[in-house]
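Let me begin by presenting the structure, written as structure tokens, before commenting on it.
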Amino acid sequence: MCGIVGLFLKNKELEPDLGRLTALMLREMRDRGPDSAGFAVYGDEAEGTKITLLSKTNETDWDGLAKGLSKATGEAVDVKTVGNHALFTTPAEGLGARRWIIDNAPDVTVLAAGKSIELYKGIGDPDAVIEDYALAKRTGTHAIGHTRMATESAITTAGSHPFSTGEDTCLVHNGSLSNHNRLRENLRRHGESFQTENDTEVAAGYLSWRVREGDTLNEALERGLEDLDGFYTFAIGVRNGFAVLRDPIACKPAVIAENDDWVAMSSEFRAIAQLPDARNANIWEPEPSTIYAWSHN
Amino acid sequence: MGANTHFDLEEVTVRQANQALQEAEAGSFSIANPKGAHALACGLDAPLEVTIDGHVGYYCAGMNKEADVRVDGNAGTGLAENMMSGRVHVTGNASQSAAATAHGGLLVIDGDASARCGISLKGADIVVKGNVGHMSAFMAQTGTLVVLGNAGDALGDSIYEARLYVRGEVASLGADCIEKDMGPEHHEQLRKLLDAAGCEGVETSEFRRYGSARKLYNFNVDNVDAY
Amino acid sequence: MSNDNWGLRESYTFDRNTIHEIQRAANTGIYRIRGWGAKRPLPTFDDLVFLGASASRYPLEGYRESCNTAVTLGTRYAKKPIELKIPITIAGMSFGSLSANAKEALGRGASEVGTSTTTGDGGMTPEERGHSTQLVYQYLPSRYGMNPDDLRKADAIEVVVGQGAKPGGGGMLLGQKITERVAEMRNLPEGIDQRSACRHPDWTGPDDLEIKIQELREITAWEKPIYVKVGAARPFYDTTLAVKAGADVVVVDGMQGGTAATQDVFIEHVGIPTLAAVREAVRALQELDMHRKVQLVIAGGIRSGADVAKALAMGADAVSIGTAALIAIGDNDPEYEEDYRKIGSAAGYYEDFQAGNDPAGITTQDPELAKRLDPVKGGQRLANYLRVLTLEAQTLARANGKSDVRNLEPEDMAALTVEAAAMAGVPLAGTGWIPGQNG
């Protein structure tokens, strides 16, 4: 149970303001999700791969880990740390680098990997998470964010949204799935690994499994309508855009607004109201079982 | 409180504005900068005129009695929910469950209404100039829903005695909802509502009427597939 | 009865009840709908005992040294919390499922001893409001009879997410009881089989409930306590989320909680027993540091002062009774034995509240039957019963050295079964062992 925001910029002149605008939106969703918050920002494409990492212990030796990765891949690794997160940038091939970290750094959670995505999350007051990870200063083309009111799974950083679902892809969710436990078991047999008891992580794992099997994101979402039971409004971030999908009953709220400069999505209009000229945007509510997607070509 | 009282929600809280409105016995009021705020102008209980300049959040004009509330913008979930009387008018779109369980009064939506418009309707009249979403008039008990545009899936599912008039396409009818003939009394009722909502140049002959087949009113083993 | 023949052996798997139900289903093609609550054997508060006082603890004198029973509900946000003289309230039961006389009797009885009663899925009647000094107004998915005037007349508002007899199910009232007055109050055609919605029409989930609670507070000037009632499904999570959504009071209704009409399969197979639900709800409040700040009301199968005292000892602030209150005003009274027999039941077994032909005149809309219940006498009987529950709870509290019934603690009890020890988190009698906690 949560608040969702998504912002996709059509006007390049707004790109320096992406983080500031997303932060304004996310702050409005604080009441819907006081337990934790997170966001993914797409921008500043790397030559190789950007990998966002979370320390489980708050004591990870990031430089040591980077050296190990560098040695294993034969490529340089640049390290930036913020709070208990680190961002590794490396020309090395992304999936291999991600795999090496998972296998060699048991005290680290890989939050996201890709050319463009950076992903930060933390427990507690969403305002503090926005401050701690400097959302307002970030630039880029699009972002999604989430505030969480935990329903059944624990309030942990790893259990906060967004969940990565593959290279440059992540998912946020408002609602509650009802068949995720059995689905998680099945996905484990297909090689997906899960770090929490969270229902949304299962949806993320499902999408990443389908994409690995050759589905496009749209095909994976279409299939998800058959296989995921329960209530959901999803926002999905991909390298060049974002998508929105609601379950067939569509009880959990969603509003989309669009003008010449941007497309925004949120659980409630009050988040969108923070954007420039929101008053005059075209505003509507997404239909159930319908995929809405925007992308830069 | 006299005529033309103005509230700017950048200066006063929703509670302060609502309290002033709820205590007023008459007059006209305007509210600026709503910015999606919830429960605005809810629980009004007097013949006030209230204009809200901008988009509102959930439950705007909830449980309204007697007041005339106009929103120049869009409205969030549960607009005019459980309205008893009076009139609520939104110039933009309304989110889901508009006029849910409303007992009386008139709701006019110039744009589209989303899912579940008029759910469990209990006597109010609704005129939507655009389209309505899926499951509109679900379990609608009594009252009237007029749609100038199209209706989404499962219109009037498990409907009781409410009347539905739709000018455009109906994606699908819900369980126990059927098309019915338009008699003179239906043309007359529809005309009055179209006039009340300011729908000029719209003829009642352009509409079809839908209502309950009354086959699910009592448990019957022959209808088990519909349960 | 065929058990005169000692050679006949009844199947444990296919006992006579089971055989009868298969035959009934085969004959009618529709599931069984009935009233009452779960009838199967379940772990209950009977599986706990109080330790009492002896050498290490000192008791209070009965009758002489005072033992407080008053409790205030709604202290978190409400400007006007509810003050009850006894920690036992009357649960929500609708006019429609009950006769007007029965509702009046409940109001009279509760008012006489200084506690509250509750409306139900059908709105507030003037008789009920008039005879209840403290009335809780239920806000249900159907919103039958819902209006802002009654909302403001109420002393508290109870947002119903679910009930113990059917967590996840909506209300039912069959055609026999949808009389002209009931139909008019609910805006329904007379004589239909009413099936209410199971989700609220304009919110789903705690994030939206928070906004709904804001609206209800705005409409009632932030005066009235807002309760959130849940059936005992996942009480730890549900209590946590009710608190996060802004509730002043959480009501948790265990699976023994009653109903006027529900599918038998729902009554017997969904939800967890009250005994198991209390501990989880209290643990949720403790983890949020909200225990006693948000009050907890426990319902579902409360019968005696012992049940009341044990629920309070486990951490509840008050309990709520429904079925027991109906029995107190005259339900299943042997006086009507002959009439029960005529409709295929017997005093002590009657559960067909859905049918509308209640010989005791309580769960009916038939004016002739309804006359059988004198609301004044019924009210007196209920007041008597509530006094007995209170005296019994005080007796147990004093015996454990408490000057306030809410000072009873889980440590004042022992469990008689391993199951109860595990569910209640109380050590098995004669040991320090709580299964699952300390080895």
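C:GLU280 versus (1) over 24 Å from C:SER94 (Cα atoms); (2) within 9 Å of chain B (Cβ to nearest Cβ); (3) of a type in the set (Asp, Glu): which is the lone unmet condition?
Going through the list (1) over 24 Å from C:SER94 (Cα atoms); (2) within 9 Å of chain B (Cβ to nearest Cβ); (3) of a type in the set (Asp, Glu), C:GLU280 breaks only (2).
For residues in the stretch A:266-289 being touching a residue at least 40 places away in the same chain (Cβ under 8 Å) and outside any loop (DSSP other than H, G, I, E, B), which is nearest to A:GLY6 (Cα to Cα)?
Here the residue is A:SER266.
What are the residues in the stretch A:135-156 that are more than 20 Å from C:ASP207 (Cα to Cα) and assigned to a loop (DSSP other than H, G, I, E, B), if any? Break it down into steps so the answer makes sense when it comes.
Restricting attention to the stretch A:135-156, the residues satisfying the condition of being more than 20 Å from C:ASP207 (Cα to Cα) are A:135-143.
If the condition is that a residue be more than 20 Å from C:ASP207 (Cα to Cα) and assigned to a loop (DSSP other than H, G, I, E, B), then A:ARG138, A:THR139, A:GLY140, A:THR141 are the ones that fit.
Can you find a residue that is charged (D, E, K, R), surrounded by fewer than 23 Cβ atoms within 10 Å (Cβ to Cβ) and at negative phi anywhere in the stretch B:12-24?
Yes, there is a match, as at least one residue in the stretch B:12-24 is charged (D, E, K, R), surrounded by fewer than 23 Cβ atoms within 10 Å (Cβ to Cβ) and at negative phi.
So for the stretch B:55-62 (the condition being within 12 Å of another protein chain (Cβ to nearest Cβ), aliphatic (A, V, I, L, M) and out of contact with any Asp or Glu (no Cβ under 8 Å at 6 or more places or on another chain)), does at least one residue qualify?
Yes, the stretch B:55-62 has at least one match.
Name the pairs: first residue in the stretch A:157-183 and within 23 Å of A:VAL110 (Cα to Cα), second residue acidic (Asp, Glu), Cβ to Cβ under 8 Å, at least 6 apart or on different chains?
Short answer, once both residue conditions are applied: A:GLY159/A:GLU197; A:GLY159/A:GLU201; A:PHE163/A:GLU201; A:HIS173/A:ASP199; A:ASN174/C:ASP207; A:HIS180/A:ASP199; A:LEU183/A:ASP227.
Can you pull out the residues in the stretch B:64-99 that are more than 9 Å from every other protein chain (Cβ to nearest Cβ), more than 12 Å from the chain's Cα centre (by Cα) and part of a loop (DSSP other than H, G, I, E, B)?
Correct list: B:GLU66, B:ALA67, B:THR91.
In this structure, does A:SER208 turn out to be surrounded by fewer than 19 Cβ atoms within 10 Å (Cβ to Cβ), modelled with pLDDT under 90, small (Gly, Ala, Ser) and within 20 Å of the chain's Cα centre (by Cα)?
When the stated conditions are applied, A:SER208 does not pass them.
Which residues, taken from the stretch C:159-187, are within 12 Å of another protein chain (Cβ to nearest Cβ), touching a Lys or Arg at 6+ places or on another chain (Cβ under 9 Å), among the aliphatic types (A, V, I, L, M) and part of a loop (DSSP other than H, G, I, E, B)?
Across the stretch C:159-187, the qualifying residue is only C:ILE178.
Given the stretch A:4-108, what strands (runs of 3 or more DSSP E) lie entirely inside it while holding 1 or more residues that are charged (D, E, K, R)? Let's see the steps before the verdict.
Details: elements: A:36-42, A:49-55, A:78-82, A:85-90.
Those strands (runs of 3 or more DSSP E) span A:49-55, A:78-82.
Conditions (1) in contact (Cβ under 8 Å) with a residue 40 or more places away in the chain; (2) in contact with a His (Cβ under 6 Å, 6 or more places away or on another chain); (3) among the hydrophobic types (A, V, I, L, M, F, W, C); (4) closer than 30 Å to C:THR133 by Cβ, marked per residue:
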residue: C:GLU158; (1), (2), (3), (4): yes, no, no, yes
residue: C:ALA183; (1), (2), (3), (4): no, no, yes, yes
residue: C:GLY191; (1), (2), (3), (4): no, no, no, no
residue: C:CYS198; (1), (2), (3), (4): yes, no, yes, no
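For the stretch A:141-182, give me each residue that is aliphatic (A, V, I, L, M), surrounded by fewer than 22 Cβ atoms within 10 Å (Cβ to Cβ) and within 23 Å of A:ALA271 (Cβ to Cβ).
A:ILE155
How many residues does the stretch A:110-140 hold that are crowded, with 24+ Cβ neighbours inside 10 Å, of a type outside the set (A, V, I, L, M, F, W, C) and touching a helix residue (DSSP H, G or I) at 6+ places or on another chain (Cβ under 8 Å)?
4
Taking A:ARG20, is it surrounded by fewer than 19 Cβ atoms within 10 Å (Cβ to Cβ), within 30 Å of C:THR240 (Cα to Cα) and in the same structural domain as A:THR233 (by TED's automatic domain parsing)?
Numbers: surrounded by fewer than 19 Cβ atoms within 10 Å (Cβ to Cβ): yes; within 30 Å of C:THR240 (Cα to Cα): no; in the same structural domain as A:THR233 (by TED's automatic domain parsing): yes.
It is false that A:ARG20 is surrounded by fewer than 19 Cβ atoms within 10 Å (Cβ to Cβ), within 30 Å of C:THR240 (Cα to Cα) and in the same structural domain as A:THR233 (by TED's automatic domain parsing).
Quick check, is C:ARG381 within 26 Å of C:ARG32 (Cα to Cα) and either in a helix (DSSP H, G or I) or at pLDDT below 95 (or both)? Before the answer, list the steps.
Working: within 26 Å of C:ARG32 (Cα to Cα): no; either in a helix (DSSP H, G or I) or at pLDDT below 95 (or both): yes.
The answer is no for C:ARG381.
Is it fair to say B:TYR160 is farther than 16 Å from B:ALA100 by Cβ and buried (at least 23 other Cβ atoms within 10 Å of the Cβ)?
no
Out of (1) of a type in the set (Val, Ile, Thr); (2) more than 19 Å from the chain's Cα centre (by Cα); (3) away from chain B (no Cβ under 14 Å), the odd one out for C:VAL230 is which?
In the conditions (1) of a type in the set (Val, Ile, Thr); (2) more than 19 Å from the chain's Cα centre (by Cα); (3) away from chain B (no Cβ under 14 Å), C:VAL230 misses (2) alone.
Give the stretch A:267-285 a look and list any residue that's more than 9 Å from chain B (Cβ to nearest Cβ) and crowded, with 18+ Cβ neighbours inside 10 Å, or say none.
A:SER267, A:LEU275, A:ALA281
Could you say which residue among A:ALA23, A:ALA40 is in contact with a Leu (Cβ under 6 Å, 6 or more places away or on another chain) and either under 23 Å from A:VAL110 (Cα atoms) or among the basic types (Lys, Arg) (or both)?
A:ALA40
Limited to the stretch B:28-54, what total is found for residues that are within 14 Å of chain A (Cβ to nearest Cβ), in contact (Cβ under 8 Å) with a residue 24 or more places away in the chain and surrounded by fewer than 22 Cβ atoms within 10 Å (Cβ to Cβ)?
Final tally of qualifying residues: 3.
Using the structure shown, decide if C:GLY254 is more than 11 Å from every other protein chain (Cβ to nearest Cβ), under 17 Å from A:GLU152 (Cβ atoms) and surrounded by 24 or more Cβ atoms within 10 Å (Cβ to Cβ).
No: the conditions fail for C:GLY254.
How about the stretch A:149-189: which of its residues are within 14 Å of another protein chain (Cβ to nearest Cβ), in contact with an Asp or Glu (Cβ under 8 Å, 6 or more places away or on another chain) and within 19 Å of A:LEU225 (Cα to Cα)?
Passing the criteria: A:HIS173, A:ASN174, A:GLY175, A:SER176, A:LEU177, A:SER178.
Answer yes or no as to whether C:ILE327 is β-branched (Val, Ile, Thr) and surrounded by fewer than 22 Cβ atoms within 10 Å (Cβ to Cβ).
yes
When you scan the stretch B:195-220, how many residues do you find that are in contact with a helix residue (DSSP H, G or I) (Cβ under 7 Å, 6 or more places away or on another chain) and more than 18 Å from C:GLN194 (Cβ to Cβ)?
4
Do we have B:VAL108 as modelled with pLDDT of 95 or more, more than 11 Å from chain C (Cβ to nearest Cβ), within 30 Å of B:ARG15 (Cα to Cα) and part of a strand (DSSP E or B) here?
Details: modelled with pLDDT of 95 or more: yes; more than 11 Å from chain C (Cβ to nearest Cβ): yes; within 30 Å of B:ARG15 (Cα to Cα): yes; part of a strand (DSSP E or B): yes.
Spelling it out, B:VAL108 is indeed modelled with pLDDT of 95 or more, more than 11 Å from chain C (Cβ to nearest Cβ), within 30 Å of B:ARG15 (Cα to Cα) and part of a strand (DSSP E or B).
Inside the stretch B:163-176, can you point out the residues that are surrounded by fewer than 24 Cβ atoms within 10 Å (Cβ to Cβ), of a type in the set (A, V, I, L, M, F, W, C) and under 16 Å from B:PHE207 (Cα atoms)?
B:VAL170, B:ALA171, B:LEU173 - these are the residues of the stretch B:163-176 that are surrounded by fewer than 24 Cβ atoms within 10 Å (Cβ to Cβ), of a type in the set (A, V, I, L, M, F, W, C) and under 16 Å from B:PHE207 (Cα atoms).
I'm trying to understand the selection: among the residues of the stretch C:200-226, which are polar (S, T, N, Q) and either more than 8 Å from chain B (Cβ to nearest Cβ) or in contact (Cβ under 8 Å) with a residue 60 or more places away in the chain (or both)?
C:THR204, C:THR220
The values are calculated or read from the model by the stated rules, or taken from the named source; none is laboratory data. Remember, it's a predicted structure, so these values are computed and weren't measured experimentally. Cβ atoms come from the backbone with ideal geometry, glycine included; neighbour counts cover every protein chain shown.
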